[in-house]
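Peer 1: Structure below; questions to follow.
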Amino acid sequence: METLNIPATANTPAVSFSSEQSRFLVTGNSIPENANNFFRPIMEWLDRNLEALPKLCTFEFNLPYFNSSSLKAIYLLLMEIRRGEAAGKQFHIAWYTESGDEFMEEAAESFIELTNMPIHVRTGAPVV
Amino acid sequence: MNTPKDNPEMDKSLLDYQGQLSSEVRIQLISLLQCIALCNLGPRNDLKKLVGVALELLDNAQRYNVGSDVDFAWHIAGGELVVRVTNRAIGTDAERLLKSVGEIARMSPEEITKAFRRQLTEEGYGEKGGAGLGMLQIARKVGNSIRAYAEPETNGVYLCRSEVSAPLTRHRA
């Protein structure tokens, strides 16, 4: 499987996949001017590697801030993950929020409703 | 005498910026706004939503601005947080801004949610990287109080102003 390890910048999140942990992690603010340019290679990676991903892979999202351009990209990413589930994978999706943060909590609610996927909302931050 | 901490909704200017709007400036402005919001409005569950309004307007201004400086203002007036961004744009982008804000102004909350879902799930990205969701997202999050103006200048350039008023009377943490 191809490696995926994109470090965070001031306006884009870190994105990585650990085959040892079967863990796909997106963490950090996502406020690029053009989220499509940033997320397209990640979408392409997921598309190329979806079948090879472990059956019990975890996808973790920790996005304290994101703009609406990124919101669309994250939605598309989740729909790609759903495609994997439809093909028989049992992915686990975790969405991290800060305690009492309406922005992150409402984002999780929106994605659950829009994707019709079981997204598990957790308070705190993922172990990096 | 009331201090800002005693009465965080007193009328005041929280931030005025006039200058070039690069990605770096936009990122730094957002960080500064988070700090200003926390200091002046106190802990609230909706702080990021309020800063998010500015983020969307600044995104649009950076994406569609042509050449010159941008004006950004973040004020409290009449118990509302008022965010105002002025930039210059070509005619087609100015028209799209007015059309989008005009359509949203006529929508009910349910129609806004429906339009947001449609735009998110069915439409692609624009040529300049916009998802067409910014104004709909603002209307969903802080209410339908978006205003937009565009005045023609020279050489097909328009002076565009977007303004959002978000109520501050709820969401204390």
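Peer 1: Let me have the relative contact order for chain B, percent, based on Cα pairs under 8 Å that are six or more residues apart.
Peer 2: 27
Peer 1: Helix B:23-41: angle to the longest alpha-carbon principal axis of chain B, degrees 0 to 90, nearest 10?
Peer 2: With both axes taken from Cα atoms, the answer is about 30 degrees.
Peer 1: Before rounding to the nearest 500, sum -39500 (n - 2.57) across all DSSP H runs of length at least 4 in the protein assembly as shown and divide by the residue total; then give [θ] at 222 nm in deg cm²/dmol.
Peer 2: My calculation for the protein assembly as shown gives -13500 deg cm²/dmol from helical runs alone.
Peer 1: Using every Cα-Cα pair within the stretch B:19-173, state what percent have a distance larger than 22 Å.
Peer 2: Roughly 41 percent, once rounded to a whole number.
Peer 1: Of the listed pairs A:LYS72/B:LYS114; B:LYS48/B:LYS141; B:LYS49/B:LYS114; B:LYS12/B:LYS48, which have alpha-carbon separations greater than 18 Å here?
Peer 2: Pairs exceeding the cut-off: B:LYS49/B:LYS114; B:LYS12/B:LYS48.
Peer 1: Using the Cα centre of chain B as origin and beta-carbon charges of +1 (Lys, Arg) and -1 (Asp, Glu), tell me which of B:GLN137, B:ALA105, B:ALA73 is placed farthest towards the positive end of the dipole.
Peer 2: Result: B:GLN137, furthest along the dipole toward the positive end.
Peer 1: While we're here: What is the ratio of the Cα radius of gyration of the protein assembly as shown to 2.2 N^0.38 Å, where N is its residue count, to two decimals?
Peer 2: 1.03
Peer 1: How high is the relative contact order of the stretch A:14-128? Use alpha-carbon pairs under 8 Å, at least six apart in sequence, and give a whole percent.
Peer 2: 26
Peer 1: If you don't mind, another one. Can you tell me the relative contact order of the stretch A:1-80? Whole percent, Cα pairs under 8 Å, sequence separation 6 or more.
Peer 2: Normalised by residue count, the contact order of the stretch A:1-80 is 32 percent.
Peer 1: Could you check which residue among A:SER22, A:SER30, A:SER99 shows the biggest mean-square fluctuation in a GNM of chain A with a 10 Å Cα cutoff?
Peer 2: Maximum among the listed residues: A:SER99.
Peer 1: Further question: Let me spell out the model: positive unit charges on the Cβ of Lys and Arg, negative unit charges on the Cβ of Asp and Glu, origin at the Cα centre of the protein assembly as shown. What dipole size does that give, in debye rounded to 20?
Peer 2: The dipole magnitude comes to about 300 debye.
The numbers here are math on the coordinates, done by the rules we state, and not lab data. What you see is a predicted model; the values in this text were computed from it and never measured. Neighbour counts are summed over all protein chains in view; Cβ atoms, including those assigned to glycine, are modelled from backbone coordinates with ideal geometry.
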